[in-house]
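S.K.: Take a look at this one; I'll ask things after.
Just so it is clear, none of the values below were taken in a lab; they were calculated from the coordinates. Owing to the predicted nature of the structure, the values given are computational and were not obtained by experimental measurement. Cβ sites come from the backbone with ideal geometry, for glycine too, and all protein chains shown count toward neighbours.
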Amino acid sequence: MIQSMTGFGKSVLQLPSKKITVEIKSLNSKNLDLNARIPSQYREKELQLRNKISRELTRGKVDFSVYVEVTGEETSSAVNAAAVKKYMNQLREIYSAPDVDLLQMAVRMPDAFKTEREEIDEDEFQAIEEAVDEALREINDFRSAEGKVLEDELEQRAGNIQELLQKVIAMDPERIAGVRERLQKGVAELKENVDQNRFEQELVFYIEKFDITEEKVRLENHMDYFQKTLGSLDSNGKKLGFISQEMGREINTIGSKSNYAPMQQLVVQMKDELEKIKEQLLNVL
């Protein structure tokens, strides 16, 4: 079953003094392009979280975000009392003012507050990892649901190409007969005597140049392979893309060899369906 590269997952973790929100969203990309935005206090664990996400989401442009909202009295900032007193003494030497005014000026000075680096609580980080796992499950469910829609679309388009190919196969004898008739009529209009045996040999050689038997067989094989790959357990958008390229080559060759307007019209329709398949495959994992 195929999966889409588009998805979104979210998990909210409520701790005693903070609320942590984990969000993961992805769009289509040839390879995995992971962008992480996490608070500085969890930065040392970034590689661990990246590896976890990379194992689950093998392709796509992925944005991973962790938001922290403090809901209690917890804070990592504190007044740098020594620095504030030093500023007040210096200000007192150059400016005579009540201590309250000096204090207001001192707290605006650099280093008036100090921020202590928070140590990561292992229990808290384990809870964050579980939240990431939940967001990953959600985004994978989203991708699977989107993948089912894509699969139905691809099956419909591939079925349309198969139907058009059967029309091409049914039309081929008529096309060859028409080519033969046009050549014979052209020779007759010359009003010249020709060696009938030599003419038949040249006619066979000419018609062989327009023979599309191999292209029809190869296209049918590519279509079967496409359907089998589409129904496989693994989602492989790159493989489906390669098969669609081979399908395109055979369709183009049939169009260039057909030399028959009704068949060329069918080829145009086949190309249109194939382009729609290629557009959808850009978003398949």
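S.K.: Can you tell me which aspartates and glutamates have their Cα less than 14 Å from the Cα of LYS30? Leave out same-chain residues fewer than eight positions away.
M.R.: Qualifying aspartates and glutamates at Cα under 14 Å: GLU279.
S.K.: Rounded to a whole number, what is D in µm²/s for the chain from Stokes-Einstein with the Kirkwood radius over alpha-carbon pairs (4 °C, 1.567 mPa s)?
M.R.: 51
S.K.: If you average the sequence gap of Cα pairs under 8 Å that are 6 or more apart and divide by the length of the chain, what percent do you get for the contact order?
M.R.: Dividing the mean separation by the residue count of the chain yields 26 percent.
S.K.: Which aspartates and glutamates does LYS86 reach when only Cα atoms under 18 Å apart count, and residues fewer than 8 places away in its own chain are ignored?
M.R.: ASP99, ASP101, ASP111
S.K.: Which pairs break 21 Å Cα to Cα here: LYS52/LYS238; LYS167/LYS216; LYS25/LYS52?
M.R.: Too far apart for the 21 Å limit: LYS52/LYS238.
S.K.: In a Gaussian network model over the chain where Cα atoms closer than 10 Å are linked, find which of ALA135, ALA170, ALA158 has the largest mean-square fluctuation.
M.R.: ALA170
S.K.: Based on alpha-carbon centroids, what's the gap between segment 122-146 and segment 25-54 in Å, whole number please?
M.R.: 13
S.K.: Determine, for each peptide in 47-54, 138-145, the mean count of other beta carbons within 10 angstrom over its residues, then list the peptides with the highest first.
M.R.: Values: 47-54: 14.0, 138-145: 18.0.
Put in order of decreasing packing, that is 138-145, 47-54.
S.K.: A further question on this structure: For the residue pair THR253 and VAL268, what label-to-label distance in nm results when each label sits 7 Å from Cα along the Cα-to-beta-carbon direction?
M.R.: Label-label distance for THR253 and VAL268, simple model: 2.4 nm.
S.K.: Same structure again: With both partners inside the chain, how many of the DSSP beta bridges are antiparallel, as a percent to the nearest 5?
M.R.: Of the beta bridges lying entirely in the chain, close to 80 percent run antiparallel.
S.K.: To the nearest 0.05, what FRET efficiency results for GLN245 and PHE125 with a Förster distance of 41 Å applied to their C-beta separation? Kindly include the intermediate steps, with their values, before the conclusion.
M.R.: Details: r = 46 Å, r/R0 = 1.11.
Approximately 0.35, to the nearest 0.05.
S.K.: What angle, in degrees between 0 and 90 and rounded to the nearest 10, separates the Cα long axis of helix 213-230 from the longest principal axis of the Cα atoms of the chain?
M.R.: Between the helix axis and the principal axis of the chain, the angle is about 30 degrees.
S.K.: To the nearest 10 degrees, how steep is helix 261-281 against the longest Cα principal axis of the chain, on a 0 to 90 scale?
M.R.: 20
S.K.: Can I ask one more? Taking the Cβ-Cβ separation of PHE210 and ASP152 as r and a Förster radius of 41 Å, what is the calculated FRET efficiency to the nearest 0.05?
M.R.: Efficiency computed from Cβ-Cβ geometry: 0.65.
S.K.: Going by average Cβ neighbours within 10 Å, how do the peptides 149-156, 243-250 rank, with the highest at the top?
M.R.: Descending packing order for the listed peptides: 243-250, 149-156.
S.K.: Here is a follow-up. I'd like the antiparallel share, as a percent to the nearest 5, of DSSP beta bridges with both residues in segment 24-66.
M.R.: Working: 4 of 10 bridges.
In segment 24-66, DSSP labels about 40 percent of beta bridges as antiparallel.
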